[in-house]
Protein chains: 2
Amino acid sequence: MPESFAITKKNKVRQLNKKAHYDTDTVHRILDAGVVAHVAFIQDGAPIVVPMIYGRDGGTIYLHGARKARVIRLLEQTDQACLNVTLLDGIVLARSAFNSSMNYRSVTVFGKPTLVEGNEDKLHAMNLISEHSMPGRWSELRDSHDREVKMTGVIALKIESASAKISAGKPDDDEADYEIPVWAGVLPVTTTIGILEDDDRLLPGADPSDAVKALQNRTI
Amino acid sequence: MPESFAITKKNKVRQLNKKAHYDTDTVHRILDAGVVAHVAFIQDGAPIVVPMIYGRDGGTIYLHGARKARVIRLLEQTDQACLNVTLLDGIVLARSAFNSSMNYRSVTVFGKPTLVEGNEDKLHAMNLISEHSMPGRWSELRDSHDREVKMTGVIALKIESASAKISAGKPDDDEADYEIPVWAGVLPVTTTIGILEDDDRLLPGADPSDAVKALQNRTI
């Protein structure tokens, strides 16, 4: 895997390009921190974007859905897809509307999607996707039924090109605006997992495992 | 404005279609609750998805960026764009990987983007976008300079078609799996605004206004 992605017309960050990162580590780190990816594809010549959960194995992202789902069928057929994961970290209140902005970590990935076939490869990907949003859960659950694997469509998206954009820190105002006596600063945004909500049909003694309890209070 | 959107090939929810909503109220409510939209468009025949903040005025969504930004130029030229706003509400730990899922509110919008021209119309849209993520802030700030309005590209996306999908509640397991003595339930996910972080160059007495203080501890 290259240490960084080549800058091309496709992945080049044009606006606020000081915030751009093309190294593999940064791209992977943001992918690993997110839960929901937005995946774009084309149907009948028109762009469509759908939210999907995902997993990562080295330079490959895995997506899944119902085998017959439109998103799986169209990703299977296309040779180009684009995926973005954005984590909102803050709302930056500057001294003007123009300089007000957001703090975020964002990554955009381009690649050719392929359908994953064969039970073993599909289960490998399904495990990665599950562990990405529910770490430690997979091994607590019964084995997947063959029927379930068959009903699941799995897509591998090899990361061919990518860029990350990170915005952090305090407002960056016009020098003259620092004379304006208005409050300015950052409203930090955090996404957290709260208190576990028990299912209504738990068996006696079916308490949360340590892995599940570790998810509680986690920041995502 | 129609009370609900016609179901067409474009906006029809195919998977888990009991979770689908096509009424204008639900579509608008999810749009109003989100902060970041993912906007898809086509460049050189390939799909691209970018995160953008937005505002809404009735059946029109406003987006903005640098006037020269790729996203603005391409949205200006295309006659079809798609936008999705997804709010993750929970991670649903079922008794099998197959039935594990997410709770979310998601809305997908289709329409023809147009460039907004003229200072007054642009400022109207810029105000809506600002008020969407920073309610009450616009009136605390100095007027926008003409140069700033000129440098801002504003896109209006009239909502021609839309669908919403809402997933909520506890796991829905296979009947046989309720015999498995594993914990199951929901990990609620919340996104909140934390404690205000002061800019380093605040003037004496430039305290947060009531509007700014009201943003603190808000759930988004």
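Residues with amide H under 5 Å of residue B:82's amide H, sequence separation 5 or more or different chain, H placed in the peptide plane at 1.01 Å from N; which?
B:40
Among the GluC sites (Glu not before Pro) within the stretch B:72-131, which fall in a DSSP loop and have no more than 13 other Cβ atoms within 10 Å of their own Cβ? Intermediate results must be reported in sequence, preceding the final value.
Details: sites: B:76, B:117, B:120, B:131; in loops: B:117.
Those that pass, being in a loop and sparsely packed, are B:117.
What are the ³J(HN,Hα) values, in whole Hz, obtained from phi via the Karplus relation 6.51 cos²θ - 1.76 cosθ + 1.60 with θ = phi - 60°, for each residue of the stretch B:138-143 in sequence order, with x given for Gly and Pro?
3, 6, 7, 9, 4, 4
How much mean residue ellipticity at 222 nm does chain A get from its helices, if each DSSP H run of length 4 or more adds -39500 (n - 2.57) and you divide by all residues, to the nearest 500 deg cm²/dmol? Don't skip to the end; give the middle numbers.
Values: 5 runs with 45 residues, N = 220.
It comes out at -6000 deg cm²/dmol, rounded to the nearest 500.
Need one word for the stretch B:141-220: rounded, prolate or oblate. Basis is the Cα gyration tensor (sqrt eigenvalues a ≥ b ≥ c); a/c below 1.5 gives rounded, then a/b vs b/c decides.
Details: a/c = 4.76, a/b = 1.78, b/c = 2.67.
Note, shape of the stretch B:141-220 comes out oblate.
Classify the stretch B:96-146 as rounded, prolate or oblate from the Cα gyration tensor: take a ≥ b ≥ c as the square roots of its eigenvalues, call it rounded if a/c is under 1.5, otherwise prolate when a/b beats b/c and oblate if not.
Oblate, since a/c reaches 1.5 and b/c is not below a/b.
Taking a probe of 1.4 Å and counting only protein heavy atoms, give the total accessible area buried between chains A and B in Å², rounded to the nearest 100.
7900
In whole percent, and with a 1.4 Å probe on the protein chains, what portion of the accessible area of the stretch A:57-166 is carbon and sulfur?
Answer for the stretch A:57-166: carbon and sulfur cover 47 percent of the accessible area.
Can you tell me the accessible area per residue over the stretch A:17-215, all protein chains present, probe 1.4 angstrom, in square angstrom?
Normalised by residue count, the accessible surface of the stretch A:17-215 is 41 Å².
What is the pair-distance distribution P(r) of the stretch A:17-215, computed from all Cα-Cα distances in 10 Å bins starting at 0, with each bin given as a whole percent?
All Cα pairs, binned at 10 Å, distribute as 8, 27, 28, 21, 11, 4, 1 percent.
For the stretch B:50-91, report the translational diffusion coefficient in µm²/s to the nearest whole number, using Stokes-Einstein at 37 °C, 0.692 mPa s, and a Kirkwood Rh over Cα pairs.
269
Just to check I understand the Karplus step: with θ = phi - 60° and J = 6.51 cos²θ - 1.76 cosθ + 1.60, what whole-Hz values come out for the stretch B:10-20, glycine and proline as x?
Each residue of the stretch B:10-20 in turn: 6, 9, 5, 7, 9, 8, 6, 6, 5, 8, 7 Hz.
Which is the longest part of chain A that has none of the trypsin sites (Lys or Arg not before Pro) sitting in a DSSP loop with at most 16 other Cβ atoms within 10 Å?
Details: sites that count: A:9, A:12, A:14, A:67, A:68, A:142, A:201, A:218.
Between the exposed loop sites, the longest stretch runs A:69-141.
Using amide H atoms built 1.01 Å from N in the peptide plane, name the residues 5+ places from residue B:220, or on other chains, whose amide H lies under 5 Å from its own.
Long-range HN contacts for residue B:220: B:191, B:192, B:193.
With respect to the cross-link table entries A:158/B:19; B:19/B:170; A:12/A:112; A:68/B:12; A:150/B:10; B:68/B:150, which display a Cα-Cα separation exceeding 20 Å?
Details: A:158/B:19 31 Å; B:19/B:170 14 Å; A:12/A:112 18 Å; A:68/B:12 15 Å; A:150/B:10 27 Å; B:68/B:150 10 Å.
Check vs 20 Å cut-off fails for A:158/B:19; A:150/B:10.
Can you give the three extents of the C-alpha atoms in the stretch B:61-120 along their principal axes, from longest to shortest, in whole Å?
The Cα atoms of the stretch B:61-120 stretch 56, 22, 18 Å along the principal axes, largest first.
With θ taken as phi - 60° and the coefficients 6.51, -1.76 and 1.60, list the Karplus ³J(HN,Hα) couplings across the stretch B:168-185 in order, rounded to whole Hz; mark glycine and proline as x.
Once θ is set to phi - 60°, the couplings for the stretch B:168-185 become 8, x, 7, x, 10, 8, 4, 3, 5, 6, 5, 7, 7, x, 10, 5, 9, x Hz.
Using a/c under 1.5 as the rounded threshold, could you call the protein assembly as shown rounded, prolate or oblate? The axes a ≥ b ≥ c are square roots of the C-alpha gyration tensor eigenvalues, and prolate needs a/b larger than b/c, oblate otherwise.
Cα axes put the protein assembly as shown in the prolate bin.
Give me the residues in the stretch B:14-41 whose solvent-accessible area, probe 1.4 Å, is reduced by at least 10 Å² once all protein chains are included instead of the chain isolated.
B:14, B:15, B:35, B:36, B:38, B:40
May I ask you to compute the full-extension gain from residue B:114 to residue B:3, defined as 0.36 nm times their residue separation minus their alpha-carbon distance, rounded to one decimal in nm?
Result for the pair: 37.6 nm of gain on full extension.
The values are calculated or read from the model by the stated rules, or taken from the named source; none is laboratory data. Predicted, not measured: the structure shown is a model, and the values here were computed from it. Every residue, glycine as well, gets a Cβ built from its backbone with ideal geometry; the counts of neighbours run over all protein chains shown. The protein model used for the area step is the full one, side chains on, heavy atoms only, and it has no ligands, DNA or RNA in it. Shrake-Rupley method; radii C 1.70, N 1.55, O 1.52, S 1.80 Å.
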